[in-house]
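Student: For reference, the structure I am asking about is given below.
The values are calculated or read from the model by the stated rules, or taken from the named source; none is laboratory data. Please read all numbers here as calculations on a predicted model, not as lab measurements. Cβ placement follows ideal geometry from the backbone for every residue including glycine, while neighbour counts extend to all protein chains displayed.
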Amino acid sequence: MERAEIMRAVKSKNTAPEIVVRRLVYVLGYRFKLHRRDLPGKPDLVFVGRRTVIFVHGCFLA
């Protein structure tokens, strides 16, 4: 039960590391889409015109 509660609390979107990457990429002038469900793995950032995706793998404390 304890493990399930910990995993339930883990966010999958808008995590702190993801927001840092989004801000950096935006300041550099790149525009992107977020969390496209129609792509495998639901990437965090999608650069449609460049046909590129970014997955942000953050860590969490348990």
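Student: Does residue 61 qualify as being among the aliphatic types (A, V, I, L, M) and modelled with pLDDT of 95 or more?
Tutor: no
Student: Something else: Give the residue, chosen from 56, 46, that is under 24 Å from residue 5 (Cα atoms), surrounded by 11 or more Cβ atoms within 10 Å (Cβ to Cβ) and aliphatic (A, V, I, L, M).
Tutor: So the residue among 56, 46 that is under 24 Å from residue 5 (Cα atoms), surrounded by 11 or more Cβ atoms within 10 Å (Cβ to Cβ) and aliphatic (A, V, I, L, M) is 56.
Student: Only one of 22, 31 is surrounded by 13 or more Cβ atoms within 10 Å (Cβ to Cβ), at negative phi and among the charged types (D, E, K, R); which?
Tutor: 22
Conditions tested, residue by residue: (1) hydroxyl-bearing (Ser, Thr, Tyr); (2) in contact with a Pro (Cβ under 9 Å, 6 or more places away or on another chain); (3) touching a residue at least 60 places away in the same chain (Cβ under 8 Å); (4) outside any loop (DSSP other than H, G, I, E, B).
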residue	(1), (2), (3), (4)
6	no, no, no, yes
21	no, no, no, yes
29	no, no, no, no
50	no, no, no, no
58	no, yes, no, no
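Student: Might you let me know whether the stretch 11-18 holds any residue that is without any contact (Cβ under 8 Å) to a residue 40 or more places away in the chain and among the hydrophobic types (A, V, I, L, M, F, W, C)?
Tutor: Among the residues of the stretch 11-18, not one is without any contact (Cβ under 8 Å) to a residue 40 or more places away in the chain and among the hydrophobic types (A, V, I, L, M, F, W, C), which makes the answer no.
Student: Still on this structure, please answer the following. Criterion first (within 29 Å of residue 1 (Cα to Cα), not in a strand (DSSP E or B) and not acidic (Asp, Glu)) does residue 17 satisfy it?
Tutor: When the stated conditions are applied, residue 17 passes them.
Quick grid of which residues meet (1) modelled with pLDDT under 90; (2) charged (D, E, K, R); (3) touching a Leu at 6+ places or on another chain (Cβ under 7 Å):
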| residue | (1), (2), (3) |
| --- | --- |
| 7 | yes, no, no |
| 20 | no, no, no |
| 32 | no, no, yes |
| 36 | no, yes, no |
| 43 | no, no, no |
| 46 | no, no, yes |
| 51 | no, yes, no |
| 57 | yes, no, no |
